[in-house]
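No value in this document is a laboratory result; all are computed from the given coordinates. Everything numeric in this text was worked out from a predicted model, so none of it was measured. Glycine gets a Cβ as well: all are built from the backbone with ideal geometry, and neighbour counts include every protein chain shown.
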Amino acid sequence: MIKLHNVEKSYEVGAGRTWVLRRIDLEIKEGEFLTIMGPSGAGKSTLLAILGMLDGAWTGEYNLFEHAVHKLKNQQRVELHKRYIGFVFQQYHLLDNLTVAENLDLPLSYRDLKKSERQSTVADVLDRFQIVGKKDLYPSQLSGGQQQLVAVARAVIGNPKVLLADEPTGSLHSSHGKMIMDLLKELNRQGTTIIQVTHNDAWAAYGGRILNLLDGWIAKEDRPGA
């Protein structure tokens, strides 16, 4: 489903060059749950941003299904992102001036859908995530765990093939963190491919494969329970 070959990213610094990612070769199968780990500065979030097509300044080859992402123009990548990718950030990225229901409706509003279809989809997701009672509240009226729950719901409302999660539990209490991780695991069981970045060993073990980065290189791969 996803294949990276010799993907690299660097910055020019003075007369030299600083490398963020080096010679990344990676294959991710459809339905996999992959965890990316490593120390700060290892390139984890950068790799996730490249996979999510939020970062276009890299070299190498990236294939997503039948699409050669490295050959596409920026607008084509934007359309591909909308079609296949959901993204969950550590800091939620909810819009403060919109209610929970309006935050969920936002990604649907970019599609050619009737208002009644959008309302029906939002209602289904509110019910699925058990947040019907929160639909008219604003983000500031929710706890951190509830905000992240809404963020995950917003990320999956368009039924993405791939859900990317960048430290999705990093700012949550352990009980809320487990709630989010259990939810990601359930989404994975239902067929969504999950790729998460985390520093937490317990959350990392939710994945079927752990990719360890060090100084931009793939240092090793582990398979929990293998």
- Item | C-alpha long axis of helix 144-156 to longest principal axis of the chain, angle in ° | 80 degrees
- Quick one: work out the % antiparallel among DSSP beta bridges in segment 109-226, nearest 5. 50 percent
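Would you kindly calculate the translational diffusion coefficient of segment 161-226, applying Stokes-Einstein with the Kirkwood radius from alpha carbon pairs, for 20 °C and a viscosity of 1.002 mPa s, and quote it in µm² s⁻¹ without decimals?
On the way: Rh = 12.6 Å.
Approximately 170 µm²/s, per Stokes-Einstein.
Based on DSSP H runs of at least 4 residues, each adding -39500 (n - 2.57), what is the mean residue ellipticity at 222 nm of the chain after dividing by all its residues, to the nearest 500 deg cm²/dmol? All intermediate terms of the calculation are to be shown ahead of the outcome.
Numbers: 7 runs with 76 residues, N = 226.
Value at 222 nm, helices only, nearest 500: -10000 deg cm²/dmol.
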- Query: Along the charge dipole of segment 87-226, Cβ charges K/R +1 and D/E -1, which of SER120, THR169, VAL152 sits furthest on the positive end?
  - Reply: SER120
- Taking a temperature of 37 °C and a viscosity of 0.692 mPa s, what whole-number D in µm²/s does Stokes-Einstein yield for the chain with Rh from Kirkwood over alpha carbon pairs? 179 µm²/s
- Query: Past the 26 Å Cα-Cα mark, which pairs from LYS114/LYS134; LYS44/LYS71; LYS71/LYS185; LYS9/LYS29; LYS3/LYS178; LYS44/LYS185?
  - Reply: LYS71/LYS185; LYS3/LYS178
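With a cut-off of 8 Å between alpha carbons and a minimum separation of six or more residues, what is the relative contact order of the chain in percent?
Numbers: 396 pairs, mean separation 67.6, N = 226.
Dividing the mean separation by the residue count of the chain yields 30 percent.
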- Which whole-number percentage describes the relative contact order of segment 1-91, with Cα contacts under 8 Å and a sequence gap of 6 or more? 30 percent
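Which whole-number percent is the relative contact order of segment 63-194 (Cα, under 8 Å, 6+ apart)? Could you put the intermediate results ahead of the total?
Numbers: 138 pairs, mean separation 44.8, N = 132.
The value is 34 percent.
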